[in-house]
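Colleague: Dumping the structure here so I can ask a few things about it.
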Amino acid sequence: MQKEVTFAGFGGQGIMSIGQFVAYTGMEEGSEVVWLPSYGPEMRGGTAYCTVVVSDRPIGSPIIQNPQYAVVMNRPSFDKFEPTIKPGGLIVINSSLIDVKSRRTDIDQLGVPANEIAIKHGLPRSANIAMLGAFVGRSGIIKSNNLKKFIEKKFGSRREVLESNMKILEEGLGIAENSQ
């Protein structure tokens, strides 16, 4: 089965990183994967998004018009991508920065106070990890244990950063689990 997701926000929010985390973890699990980045006029502060496709069969195109999932970190990304989600899909919203909810009744939505979670654990720039945890926990696009292993590889040399990111990830996973 093919699963398609758009991760979107401002440049500097770690959008590309969490897209890569899903893509690399998907590859480790033996899936076919495509990661396609897109940047706005500036990398930091401008708009940034990426699409990730994870599939059990070869992927025909990396271009996705109507993803099954969207993870949005800011209001402009919500406004742009919320209408494009396939019916039956999921939108994960950074409720720290987005003060609206989808009016669509044909999609699932999950609000995550990502900035507050990251600040609480001492890493304000890791709000993306809270969003990633909530998304993976709700969608099941990859296995959370495999994602944890990838994050350990990524941050393993910086023990304090790894420990805080794992706590942030766990809190995101918990939000997904407790909201169902």
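The numbers here are math on the coordinates, done by the rules we state, and not lab data. Because the structure is a prediction, the values reported are computed rather than measured. Every residue, glycine among them, receives a Cβ derived from its backbone with ideal geometry; neighbour counts consider all protein chains shown.
Colleague: Size of the dipole of the chain about the Cα centre, Lys and Arg at +1 and Asp and Glu at -1 on the beta carbon, nothing else charged, in debye to 20?
Modeller: Dipole of the chain, to the nearest 20 debye: 180 debye.
Colleague: Among G9, I119, S77, which residue has its Cα furthest toward the positive end of the charge dipole of the chain, with +1 on Lys/Arg Cβ and -1 on Asp/Glu Cβ?
Modeller: I119
Colleague: Can you put V100, V52 in order, fewest other beta carbons within 10 Å first?
Modeller: Going from least to most buried by this count: V100, V52.
Colleague: A 21 angstrom limit on the alpha carbon distance is what I want to check against. Which of K80/K120; K80/K101; K3/K101 exceed it?
Modeller: K80/K120; K3/K101
Colleague: Please give me, ordered by residue number, the trypsin sites (Lys or Arg not before Pro) of the stretch 72-180 that lie in loop per DSSP and have at most 13 other Cβ atoms within 10 Å.
Modeller: K101, R103, R158
Colleague: Please quote Rg/Rh for the chain to two decimal places, taking the Kirkwood radius as Rh and restricting both calculations to Cα atoms.
Modeller: Answer for the chain: 0.93.
Colleague: Additional query: Using helices alone, what [θ] at 222 nm do you get for the chain, with -39,500 (n - 2.57) per DSSP H run of 4 or more residues, divided over all residues and rounded to the nearest 500?
Modeller: So the helix-based figure for the chain works out to -12500 deg cm²/dmol.
Colleague: As a test of the definition: which semi-axes, in Å, follow for the stretch 91-180 when you take the square root of five times each eigenvalue of its alpha carbon gyration tensor? Largest first, please.
Modeller: Rounded to whole Å, the semi-axes are 24, 15, 9.
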